[in-house]
Amino acid sequence: MARTRANGGMFGIKLVGATHFDLPAFGREGNPSLMNFPDSAEGKRCASIVPIGHKSLVYLMAPIKRFWGVVEYIKWNHAIDNVLEEGRRAAVDQNARAIMEVLYPHFARVWRCVRIVATIKDPMQAPTPDFGFKEGDVMFDIEPQEYLEMFNEVPWSWRAEG
């Protein structure tokens, strides 16, 4: 692993809980799709520095520990300058924020707008890389070649065009 923290690079691994994609706003049904981060100083820092166009492999944490998909961070509402405010409003508009507060009150509440790039129906078919992630880890930047190698190892069920 090249780095152990998000530093604003263009490729990375985003860590999420195993039930993360049970809600429509997190998947391809989102309008826009959303990614969330912990409501902590580090979570807000990570979420705020991820540049538009950054692509992240989405890694499901315990107990699955495999890739689920790929997201690209996007600018959805150009009338809103702050990407965290943009994400918050998108989460409110889709009722994702209220649903998360009821179903998963311990989950992250800082939001970013994303485009789903690829998904795998059964993450158990994805490789099982051992990254040594620890509870509380959020996101890791990786080099472009690392991203491409890991992306190409996964038998994606669906990929966006372009």
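A few points about this structure:
- The criterion of at least 1 residues that are within 24 Å of L148 (Cβ to Cβ) is met, among helices (runs of 4 or more DSSP H) falling completely within region 8-106, by 41-49.
- Region 6-46, residues that are open to solvent by 40 Å² or more (accessible area, probe 1.4 Å) and hydroxyl-bearing (S, T, Y): T19, S40
The values are calculated or read from the model by the stated rules, or taken from the named source; none is laboratory data. Given the structure is predicted, the values throughout are model-derived calculations rather than measurements. Cβ coordinates were reconstructed from backbone atoms using ideal geometry, including for glycine residues, and neighbour counts include every protein chain displayed. We work out accessible area using only protein heavy atoms, side chains counted, and drop any ligands, DNA or RNA first. Shrake-Rupley method; radii C 1.70, N 1.55, O 1.52, S 1.80 Å.
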